[in-house]
């Protein structure tokens, strides 16, 4: 199964699928992305890279919805990239 379909089924629908398209905004998406990254929502603590891939899939959906006249803006495109709380403390050997 393509990763985009997996992202939709496993993360986007459980996280923001209950919201109407006109109610999805940057604040909502960034909050949900942070919660998925931290393991508070489906995903059990995903890496920032995985969260950003999910946001990219969502941004493509928003772009499609805009072309169809279902959304007026692309809230996922404006979202900041997900980062870990302690980014920069990674130890390398």
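Direction-averaged shadow area of the convex hull around the Cα atoms of the stretch 3-67, nm²? Let's see the in-between values first.
Working: hull surface 16.0 nm².
Reported value for the Cα convex hull: 4.0 nm².
For the pair residue 34/residue 49, report the inter-label distance in nm, with labels modelled 7 Å from Cα in the Cβ direction.
Each label point lies 7 Å from its Cα, and together they span 2.4 nm.
For residue 20 and residue 63, what is the calculated FRET efficiency with R₀ set at 22 Å and r taken between the beta-carbons, to the nearest 0.05?
So, using R0 = 22 Å, E works out to roughly 0.80.
Coordinate-derived values only; no laboratory data. On a predicted model such as this, the values are computed, not experimentally measured, just so you know. Every residue, glycine among them, receives a Cβ derived from its backbone with ideal geometry; neighbour counts consider all protein chains shown.
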